[in-house]
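Enquirer: First, the structure itself, so that you have it in front of you.
Any read-out appearing in this document is the output of simple, stated calculations on the displayed coordinates, not a laboratory observation. Here the structure is a predicted model, which means the values were calculated and not measured. As a convention, Cβ positions derive from the backbone with ideal geometry for all residues, glycine included, and neighbour counts pool all protein chains shown.
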Amino acid sequence: MNVRGVQDLLERLNNLLRIEVRTLGLKYGLQPVQIEALAYLIRCNRYSDTPQAVTEYLGLTKGTGSQSLKVLAQKGFLQKQQDTKDKRITHLSPTTKGRKLIDQSFPAQSLASALATTRSLLVEELESALRSILREMQRINDRKTFAACHTCRFNEHHVNAYVCGLTQEPLSKRDVQLICREHEYPS
């Protein structure tokens, strides 16, 4: 196994993806990390749409996360709303303008084109292998998994309904497809 070769390829692919995101962001005066924050917020659930969750997911310091979110709000890409039950919690959501920006940049056009020219079975194997590597690296580094509710040990599927076993709150069909910071894979 050539670990160095795999890491070199992953780093180069990541650099190419960041260049594409950076180029788009420049049109709007945004940095890649700000676009990544918006992309995360579109894919996360109501338990995970807080400033703390964004910084954890992206691996940012509190200050960098705060500044990135402030810029997004000032430029009209993000709105903040206080939690109705706990006033200490602020929820974040992309505005229509923010959603349009993410629709333009994710998935990256170059990646979509490259994958379209690759055999579908190979793409499925690649996705499965990358998912497995990600899961193992999260375990090794003791990081939260931030995955979709439907793969979580707390997700309970009842007749025509989903419930979060951690919060005991109902979940919609859409909710169980979204990223959750409380996610844990079944044992």
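Enquirer: Scan the range 84-110 for residues that are under 17 Å from the mean Cα position of the chain (by Cα) and either closer than 24 Å to residue 10 by Cα or β-branched (Val, Ile, Thr) (or both) and jot them down. Step through it out loud before you land on a result.
Expert: First, the residues of the range 84-110 that are under 17 Å from the mean Cα position of the chain (by Cα): 91-95, 98-108.
Hits for the range 84-110 are 95, 102, 103, 104, 105, 106, 107, 108.
Enquirer: Residue by residue through the range 50-64, note down the ones that are in contact (Cβ under 8 Å) with a residue 24 or more places away in the chain and within 15 Å of residue 145 (Cα to Cα). Even if it seems obvious, please write down each step before you answer.
Expert: Applying the first criterion (in contact (Cβ under 8 Å) with a residue 24 or more places away in the chain) to the range 50-64 yields 50-51, 53-54, 56-58, 60, 64.
53, 54, 56, 57, 58, listed by residue number.
Enquirer: Can I ask one more? Would you please name the residue that is nearest to residue 176 (Cα to Cα), looking only at residues in the range 1-53 that are surrounded by 16 or more Cβ atoms within 10 Å (Cβ to Cβ) and among the small types (Gly, Ala, Ser)?
Expert: 48
Enquirer: Could you grab the pairs with beta carbons closer than 6 Å, sequence gap of 6+ or different chains, first residue in the range 70-89 and free of Cβ contacts under 8 Å to residues at least 60 places away in the same chain, second one assigned to a loop (DSSP other than H, G, I, E, B) and among the acidic types (Asp, Glu)?
Expert: The qualifying pairs are 89/83.
Enquirer: Only one of 128, 113, 187 is more than 25 Å from residue 58 (Cα to Cα), out of contact with any strand residue (DSSP E or B) (no Cβ under 6 Å at 6 or more places or on another chain), among the small types (Gly, Ala, Ser) and without any contact (Cβ under 8 Å) to a residue 24 or more places away in the chain. Can you tell me which? Steps first, please.
Expert: Details: 128 fails: more than 25 Å from residue 58 (Cα to Cα); 187 fails: without any contact (Cβ under 8 Å) to a residue 24 or more places away in the chain.
Just one listed residue meets the conditions, 113.
Enquirer: Now, a different point. With the condition kept exactly as written, say whether any residue in the range 156-169 is closer than 30 Å to residue 6 by Cβ, in a loop (DSSP other than H, G, I, E, B) and either of a type in the set (A, V, I, L, M, F, W, C) or without any contact (Cβ under 8 Å) to a residue 40 or more places away in the chain (or both).
Expert: Taking the range 156-169 as the starting set, the residues that turn out to be closer than 30 Å to residue 6 by Cβ are none.
So far as the range 156-169 goes, no, none of its residues is closer than 30 Å to residue 6 by Cβ, in a loop (DSSP other than H, G, I, E, B) and either of a type in the set (A, V, I, L, M, F, W, C) or without any contact (Cβ under 8 Å) to a residue 40 or more places away in the chain (or both).
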